[in-house]
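Peer 1: Sharing a structure, written as structure tokens. Questions coming.
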Amino acid sequence: MSKGEKDKELRVSGSLVNVATIVLGMMAAYFLTIQSLKVELAAKAESRVVGMLDKKLGNIEVILREGVVSREQFYAFSREIEARLTRIELHLVETGGEKLEKH
């Protein structure tokens, strides 16, 4: 094999390595972008749920101030809200653990 053929072969293999590196870099950037979008959407969904719960609790305070709800009804409702918040917290902990395992 002549020196010219070796040089040509090195240039071709170097070009292939460059192309492969570029393709892998683009794929990594694509998947990182998708993952970050998923994390952002999950955070927005969680903040939306918390905001909705805050609004509902605010409405309950107004009702209590007006004296429309009896003490027994309030305690029953309070237990329901506590159970719901516990389920939400468990869900967030479980999904948060899955997110950490994926990274």
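None of the figures in this text is laboratory data; all of them are computed from the coordinates on show. Note that the structure is predicted; figures quoted are calculated from it, not measured. Backbone-built Cβ (ideal geometry, glycine too); neighbour counts: all protein chains shown.
Peer 1: Kindly list the residues of the stretch 68-88 that lie in the label zone of residue 50, defined by a backbone N under 19 Å from the point 7 Å along the Cα-to-C-beta vector.
Peer 2: Output list for this probe position: 81-88.
Peer 1: Would you mind listing how long the chain runs along its three principal axes, going by Cα atoms, in whole Å with the largest first?
Peer 2: Extents along the principal axes, in whole Å: 98, 21, 8.
Peer 1: Continuing with this model, one more query. Total Lys pairs in the chain closer than 26 Å by alpha-carbon, pairs eight or more apart in sequence or interchain only?
Peer 2: Going through the chain pair by pair, I get 7.
Peer 1: In debye, nearest 20, what is the charge dipole magnitude of the chain about its Cα centre with +1 on Lys and Arg Cβ and -1 on Asp and Glu Cβ, if you could check?
Peer 2: Computed about the Cα centre, the dipole is about 340 debye.
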